[in-house]
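Below is one structure, written out as structure tokens, with a few remarks after it.
Since every read-out is calculated from the coordinates, none of them should be taken as a lab result. What you see is a predicted model, and the numbers here were worked out from it, not measured in a lab. Methodologically, a virtual Cβ is constructed for each residue, glycine included, from the backbone with ideal geometry; neighbour enumeration extends over all protein chains shown.
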Number of protein chains: 2
Amino acid sequence: MDAYRCIVSKREVRSFLPREVPEETIRRILKAGRWSGSSVNRQPWHFVVVRDRERLAALSRFGRFSGHVAGAAFAVALVARSSRDLFDAGRCAQNMMLAGWSEGIGSCPATIQDQDGARAFLGIPEDRTLVTVLSFGYPDPRASHPIERVVRRVIVGRGRRPLESMVSWEAFGR
Amino acid sequence: MDAYRCIVSKREVRSFLPREVPEETIRRILKAGRWSGSSVNRQPWHFVVVRDRERLAALSRFGRFSGHVAGAAFAVALVARSSRDLFDAGRCAQNMMLAGWSEGIGSCPATIQDQDGARAFLGIPEDRTLVTVLSFGYPDPRASHPIERVVRRVIVGRGRRPLESMVSWEAFGR
């Protein structure tokens with residue numbers, strides 16, 4: 001897929017087909033995260049890949065709106081060195097999600113409210129930060145996930161603010 | 001450019017040719033940021049584009065290692081709603097940098113230590129967060145920027161840790 005088209009067409013997907021993603025493809029996605037830039041090339045991340053169906057279901061319960069993780073083909077818990085690494089973690093996550101999208105694989109970050117529960121479940125060391133859990137899988141074209149329906153149609157929609165509302169030239173507000 | 005190739009080949013570029021980037025291309029890059037996903041589609045960002053040569057030089061002095069901003073064709077100061085938006089800001093920044101890279105435009109985030117100075121200079125409202133300044137421009141193949149030479153050859157290199165060192169399966173450390 002063309003890079004620019006991949007970037008501007010990427011949408012969050014929360015409803016997945018019950019179809020496995022080949023391990024080779026998972027590794028391609030992880031490598032896309034690996035090649036992300038980071039401040040002084042610290043590469044402050046670790047990826048915990050979860051594929052076990054029961055563990056995906058358990059993992060999905062640590063966030064309020066993370067039910068989509070249960071139906072994912074796999075999830076990547078994105079672990080950072082510290083809470084100062086959130087910007088770099090965002091870059092890394094975007095690389096992985098775009099790499100998936102370029103092969104027709106949808107994804108969505110899940111915010112984890114029950115940090116203690118998820119950290120214990122995943123065995124994350126005390127000095128690391130669990131940033132987010134990314135779900136991945138082939139999109140279900142019926143988009144049956146209730147959250148997805150709500151998010152798309154009611155709460156926020158899938159559109160974006162006009163470019164002019166988010167751009168200034170030379171100084172803020174100009 | 002192929003999306004996956006764009007993602008895994010992207011490197012930080014700090015040395016730029018003295019060549020303008022057409023405004024149409026700048027807008028394509030901004031649109032790539034605009035289409036980034038964000039938590040509940042909040043789109044918590046604002047882009048302050050700086051092209052004026054003297055303002056780029058001034059902006060470059062607010063960070064310890066941000067000299068590359070002075071030589072950029074343009075810079076994007078990435079402003080977020082709050083410090084809780086750093087992960088989404090990272091996703092958005094990566095979209096813009098990859099969109100540039102797909103058209104042969106290099107980029108690098110500059111961490112801004114003198115936040116008060118940069119915020120006043122850019123006119124950023126008190127309730128917003130200045131996340132980073134992204135420099136953009138056509139790469140100088142001679143890579144003459146001193147920081148670039150140092151970063152590449154001495155301090156950190158441009159490589160990445162082996163994938164296996166940053167991946168676990170099912171739980172951290174496995």
Skipping prolines and chain starts, which residues have an amide H placed within reach, meaning under 5 Å, of the one on B:SER38, given they are 5 or more residues away or on another chain? B:GLN43
Suppose each label sits 7 Å from its Cα in the direction of the beta carbon; what would the B:PHE65-B:SER9 distance come out to in nanometres? 2.6 nm
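Which of rounded, prolate, oblate describes chain A, given a ≥ b ≥ c as roots of the alpha-carbon gyration tensor eigenvalues and a/c under 1.5 marking rounded, otherwise prolate only if a/b is larger than b/c?
rounded
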Residue of B with Cβ nearest the axis relating B to A, plus distance in whole Å? B:GLY90, 1
J(HN,Hα) series, the range B:73-90, from Karplus relation 6.51 cos²θ - 1.76 cosθ + 1.60, nearest Hz, glycine and proline x: 6, 7, 10, 10, 7, 9, 10, 10, 5, 7, 5, 7, 9, 5, 5, 5, 5, x
Would you list, by chain and number, the aspartates and glutamates whose Cα falls below 18 Å from the Cα of B:LYS10, excluding same-chain residues fewer than 8 positions away? A:ASP2, A:ASP88, B:ASP2, B:GLU103, B:ASP140, B:GLU148
At R0 = 30 Å, FRET efficiency that the Cβ-Cβ distance of B:ARG19 and A:GLU164 yields, to 0.05: 0.70
Nearest 0.05, what FRET efficiency do A:ALA57 and A:ASP114 give at R0 = 22 Å with Cβ-Cβ as r? 0.90
